[in-house]
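Here the structure is laid out as C-alpha cells; the discussion comes afterwards.
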Amino acid sequence: MRFLLPILFVLSAAGLFVWYINPTYQSIKELGIQAGQYNAALTQSSEVKQVRDQLLARRNTFAADDIRRLERLLPNNIDNIRLIIDINDIAARYHLQVTDVSFTSDQENVQGTLAGGNSTLGTLGFSFTVSAGYEDFLAFLNDLQRSLRLIDVTYVKFTTGTTAGALTGTSAQTTKYNVQVKTFWLK
C-alpha cells in the first residue's frame with residue numbers, strides 16, 4: 001500500500017498532464033501567438049495612422065484650386081456626362097458639334113505607381129464624331145491635349161464629302177472625323 005499510493009499519484013499526475021495540462025498549455029501558446037499578431041497589427045495600424053496624418057497635413061498645404069485641378073486631371077470616379085460636356089465645350093470654341101458619342105464596354109485596369117505606392121487606374125474608351133475643317137480640327141485636338149483631364153486619342157478616321165447649302169444652293173467640302181479616345185480614373 002505504501003508503494004501503491006505514490007504510483008497512483010504519479011499516474012494521476014501523468015494523466016492530468018496528458019489530458020488537461022498539455023492541451024490547455026498548447027491553446028495558451030496559440031493564444032499567445034495570436035496576441036502577438038494582434039499587437040503587430042496594432043503597431044502597423046498606428047504607423048499607418050501616422051503616415052496618414054502626415055499625408056493629410058501635406059495635402060492641407062496645397063491650395064484648394066490646385067487640389068481641384070488634380071482631381072480633374074485624374075478623378076477617383078468616372079463621370080461620363082462631365083467628360084462629354086468638357087469635350088463639347090472644347091469643340092464649341094471652334095463651332096464644332098460633338099455627335100455619335102458611344103462608350104466601349106471593354107474597361108481595363110492599369111497598374112501604376114502614383115506617389116510612391118501602387119494604385120489601380122481604370123480606363124474607359126469612347127468615340128465621337130465631329131465635322132470640321134482641317135485647321136479647326138487640329139486646333140480642337142490641340143486644346144483637347146491641353147485640357148486638364150487625361151485623355152489619350154487612340155484612333156482618328158476621317159471621311160470627306162460635299163454638302164449642299166439649303167439656303168445658298170452651293171455645295172461645300174466637309175470632313176467628318178471619327179475620334180476614339182481613352183480616359184483614366186483612380187479606382
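No value in this document is a laboratory result; all are computed from the given coordinates. Please read all numbers here as calculations on a predicted model, not as lab measurements. Cβ placement follows ideal geometry from the backbone for every residue including glycine, while neighbour counts extend to all protein chains displayed.
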Taking the Cα centre of the chain as origin, work out the dipole magnitude from +1 charges on Lys and Arg Cβ and -1 charges on Asp and Glu Cβ, in debye rounded to 20.
640 debye
Using DSSP loop states and a limit of at most 14 other Cβ atoms within 10 Å to flag chymotrypsin sites (Phe, Trp or Tyr not before Pro), what is the longest stretch of the chain containing no flagged site?
63-187
Connecting every pair of Cα atoms under 10 Å apart in the chain and solving the GNM, the largest mean-square fluctuation among Leu138, Leu31, Leu74 falls on Leu31
What residue among Ser102, Ser45, Ser12 shows peak mean-square fluctuation when the chain is described by a Gaussian network model with Cα springs under 10 Å?
Ser12
Gaussian network model of the chain, Cα within-10 Å springs - most flexible of Glu30, Glu71, Glu135:
Glu30
Given charges at Cβ of Lys, Arg, Asp, Glu: the chain dipole, positive-most of Phe184, Gln54, Leu148:
Gln54
Putting +1 on Lys and Arg Cβ atoms and -1 on Asp and Glu Cβ atoms, find which of Gln26, Pro6, Ile87 reaches farthest to the positive end of the dipole of the chain.
Pro6
Which whole-percent values make up P(r) of region 1-61 when all C-alpha to C-alpha distances are grouped in 5 Å steps starting at zero?
4, 14, 10, 10, 8, 8, 7, 7, 6, 5, 5, 4, 3, 3, 2, 1, 1, 0
Region 137-151 to region 22-77: how many Å between their Cα centroids?
39 Å
Can you tell me the dipole magnitude for region 1-96 around its Cα centre, using point charges on the Cβ only (Lys, Arg +1; Asp, Glu -1), in Debye to the nearest 20?
260 debye
What translational diffusion coefficient, to the nearest whole µm²/s, does the chain have by Stokes-Einstein, given a Kirkwood radius computed over alpha-carbon pairs, a temperature of 37 °C and 0.692 mPa s viscosity?
142 µm²/s
Summing -39500 (n - 2.57) over every DSSP H run of at least 4 residues in the chain and dividing by its residue count gives a helix-only mean residue ellipticity at 222 nm, to the nearest 500 deg cm²/dmol, of -16000 deg cm²/dmol
